[in-house]
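Chemist: Let me give you the structure first, and then I'll get to my questions.
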Amino acid sequence: MSMRLDNLTFKGGVHVPDNKSMSSGKVIEKAREPKTVYISLQQHVGAPCEAIVKVGDKVKVGQKIGDSKAKVSAPVHSSVSGVVKSITKRYTTAGVKVDCIEIESDGLNEMDESIGKKAELDKLSKSEIIDIIRESGIVGLGGAGYPLHSKLITAEDCCAIGSSIETLILNGAECEPYLTCDHRIMLEHPDKVVFGLEVMMKYLDINEGYIAVENNKMDAIEALRNASKDKNIKVVSLKTKFPQGDSYRIVDAVTGKKVPKGGRCNDAKSSVSNVHTAYALAEAILENKPLYERVITVTGNGIKEPKNLLVKVGTTIGEIIEQCGGFNGKPGKIIAGGPMTGTALFSLDTPIVKATGGILVLTEEETRVEKVQSCIKCGKCVEVCPVYLEPLYIAAYALKDNYDAAERYDALACISCGSCSYICPSKRPLAEAISHAKYEIKARRK
Ligand code: SF4
Ligand code: SF4
């Protein structure tokens, strides 16, 4: 276990302009009540939910409207009070077309009776904690969207077979350029972030927890250190570098342990959750509040008034952008998430899901496509790859449709961080080509 507390990092990665100043100083604002929400029944990896309401039903804020018996799945809740209008397929910010429950808001914001009932952590058993987490529909809010109860149960199962989890890390790196929602959560709600970590520590019987934050957010580090004084929690600073927030890279930086290729954090006796997830967990325990809203960053030179907004799940990006003054000129590209790992959006009617951390609008000038040149074998893509791949070769084979060779060069180990494409002086679409190879390799295995 590393004993250093500052400037921790991993080998590889790239220094990307963070472009966070447009929104990092903006206090979280509550978004306007949406007129209509479209709540996806597939918010995360794992099994989709089935609707437990039907067209014409009246629902309240926080009422469960979809659930599944599958092990890896989390229920969904209504984010407004109103009437169910339809259950149809549409694209969400996750980039997939899935069943969504359309609810027209009555504007009354009537809360489900269960919300507001506080539980006392000291008196909760492990099974009660896991039930609250599951019933609250909490998923990883750092982008992956993995159901939290499934993650904790898997970590506990590792303990049961003697491979105990020794390190629990809250991920506050927020290394993706432009995004600042995690920063604002840590700054404005450090007590809840710390409390959420304490809940996970209690569940996993871990005595010491870590919160790891990039050192371009020193005010958040200070707030968290104050909130965790006299607790068994260490707040460590990380070098500002992409992809520092990738969970395997954060385990490496904090503990010095490497997650084996194809393995999971549990294999390095570690478990990682996002700070925003810890905040949602605190609200679930303290207020019995399910996850029906989250903070997102709306930013970029293509937006008139960048903001950090508390937005109800299922709100369309059109409604959200309108509250930020609309577009600054003609938008070149609208992205759900950040520029390195986000998903391009094609319609303003797209609703956000639980894992949507940001909406980034780039200008036409910023999205001008640069001419792709031949590879000059400079090796820069190899130097920056955090999983030690040779992107130039994998991409070259992928572009020739030689997926067997791409697989031999370990294409499936790529974490799609985009560092290789970013650094390439010849502007080769390396990450895109490798993603395509991964898709083809997986498709052939089915
Ligand atoms: S960074 Fe670009 S030019 Fe350099 S070796 Fe990699 S693919 Fe070739
Ligand atoms: S090959 Fe994959 S993991 Fe390596 S830098 Fe490129 S996108 Fe990132």
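Just so it is clear, none of the values below were taken in a lab; they were calculated from the coordinates. Keep in mind the model is a prediction, meaning the values are calculated, not measured. In this analysis, Cβ positions are derived from the backbone assuming ideal geometry, glycine residues included, and neighbour counts consider all displayed protein chains.
Chemist: Rounded to the nearest 0.05, what FRET efficiency is calculated for R4 and L310 with R0 set to 35 Å and r the Cβ-Cβ distance?
Modeler: 0.50
Chemist: Find the Rg to Rh ratio for region 123-287, where Rh is the Kirkwood radius over alpha-carbon pairs and Rg uses the same atoms.
Modeler: That ratio is 0.93, to two decimals.
Chemist: May I ask you to order 203-211, 314-322 by the average number of other C-beta atoms within 10 Å around their residues, highest value first?
Modeler: Top of the packing list down: 314-322, 203-211.
Chemist: Here is a further query. For region 44-55, what does the Karplus curve 6.51 cos²θ - 1.76 cosθ + 1.60, with θ = phi - 60°, yield as ³J(HN,Hα) per residue in whole Hz, taken in order and with x for Gly and Pro?
Modeler: My calculation for region 44-55 gives 7, 5, x, 6, x, 8, 10, 5, 10, 10, 10, 4 Hz in order.
Chemist: Let me ask you something else. Run the paramagnetic zone check for K54: 7 angstrom along Cα to Cβ, then residues of region 101-135 with backbone nitrogen under 18 Å.
Modeler: 101-103
Chemist: Rank-order 342-352, 58-68 by packing density, defined as the average count of other C-beta atoms within 10 Å over each peptide's residues, highest first.
Modeler: So the order, starting with the most tightly packed, is 58-68, 342-352.
Chemist: Students often forget the sequence filter, so: which lysines lie under 16 Å Cα-Cα from K307 once same-chain residues fewer than 8 apart are removed?
Modeler: Straight-distance partners of K307: K20, K26, K30.
Chemist: Starting from the Cα-Cα distance between D349 and E390, subtract it from 0.36 nm times their residue separation and give me the gain in nm to one decimal.
Modeler: Length gained, D349 through E390: 10.8 nm.
Chemist: Sorted from largest down, what three extents in whole angstroms do the Cα atoms of the chain have along their principal axes?
Modeler: Principal extents (Cα only, largest first): 64, 51, 46 Å.
Chemist: Residues in region 366-410, backbone N under 11 Å from the label point at K258 (7 Å along the Cα-to-beta-carbon vector): list them, ranges by number please.
Modeler: 387-389
Chemist: Now for a separate question. First check a/c for region 70-113, with a ≥ b ≥ c the square roots of the eigenvalues of its C-alpha gyration tensor; if it is under 1.5, answer rounded, and if not, answer prolate when a/b is larger than b/c or oblate otherwise.
Modeler: In terms of gyration-tensor shape, oblate.
Chemist: Rounded to the nearest 0.05, what FRET efficiency do K85 and E322 give with R0 = 22 Å and r taken as the Cβ-Cβ distance? Could you check?
Modeler: For R0 = 22 Å, the calculated efficiency reads 0.60.
Chemist: If I take all pairs of Cα atoms in region 380-445, what percentage of them are more than 18 Å from each other?
Modeler: Pairs farther apart than 18 Å: 23 percent.
Chemist: Mind giving me the nanometre distance, one decimal, between the label points for L121 and K371, set 7 Å out from Cα along Cα→Cβ?
Modeler: Taking the two extended label points, one gets 5.9 nm.
Chemist: For the chain, what's the relative contact order in percent, using C-alpha pairs closer than 8 Å and at least 6 residues apart?
Modeler: 19
Chemist: Starting with the highest mean, order 49-57, 180-188, 216-224 by the number of other Cβ atoms within 10 Å, averaged over the residues of each peptide.
Modeler: Descending mean neighbour count gives 180-188, 216-224, 49-57.
Chemist: Right, next: Using Cα centres only, tell me the gap between region 205-281 and region 325-379 in whole Å.
Modeler: Each part reduced to its Cα centre gives a spacing of 28 Å.
Chemist: Under 15 Å between alpha carbons, and skipping anything fewer than 8 positions from K117 in its own chain: which aspartates and glutamates qualify?
Modeler: E128, D131, E135, E283, E287
Chemist: Same structure again: With unit charges on the beta carbon (Lys/Arg positive, Asp/Glu negative), name the residue among N274, I129, I394 whose Cα is farthest towards the positive pole of the charge dipole of the chain.
Modeler: I394
Chemist: Loop-only trypsin sites (Lys or Arg not before Pro) in region 322-382, please: DSSP not H, G, I, E or B, and at most 15 other Cβ atoms within 10 Å.
Modeler: Passing sites in region 322-382 are R368, K371, K377.
Chemist: Follow-up question, since we're still on this one. Give the cross-link partners of K11 among the aspartates and glutamates, using a straight C-alpha distance below 17 Å as the criterion and excluding same-chain residues fewer than 8 apart.
Modeler: Answer for K11, where 17 Å is the Cα cut-off: E214, D246, D252, E383, E390, listed by chain and number.
Chemist: Something else now. Using Stokes-Einstein with the Kirkwood hydrodynamic radius over Cα pairs, what translational diffusion coefficient do you get for region 276-421 at 20 °C and a viscosity of 1.002 mPa s, in µm²/s rounded to a whole number?
Modeler: The estimated diffusion coefficient comes to 119 µm²/s.
Chemist: Over region 380-445, what relative contact order in percent results from Cα pairs under 8 Å that are six or more residues apart?
Modeler: Reported as a whole number, the value is 37 percent.
Chemist: Another question, then. If you restrict to DSSP beta bridges whose two residues both lie in the chain, what percentage is antiparallel, to the nearest 5?
Modeler: Percentage antiparallel, nearest 5: 60.
Chemist: What are the ³J(HN,Hα) couplings of region 355-364, residue after residue, when phi is run through the Karplus curve with 6.51, -1.76, 1.60 and θ = phi - 60°? Round to Hz, x for glycine and proline.
Modeler: 8, 6, x, x, 10, 10, 10, 9, 7, 4
Chemist: Label V98 and E113 with points 7 Å out from Cα along Cα→Cβ: what is the distance between them in nm?
Modeler: Result for the modelled spin labels: 3.1 nm.
Chemist: Can you compute 3J(HN,Hα) from phi for each residue in region 416-421, using the Karplus curve 6.51 cos²θ - 1.76 cosθ + 1.60 with θ = phi - 60°, rounded to whole Hz and x for Gly and Pro?
Modeler: After applying 6.51 cos²θ - 1.76 cosθ + 1.60, I find 6, 7, x, 4, 5, 4 Hz.
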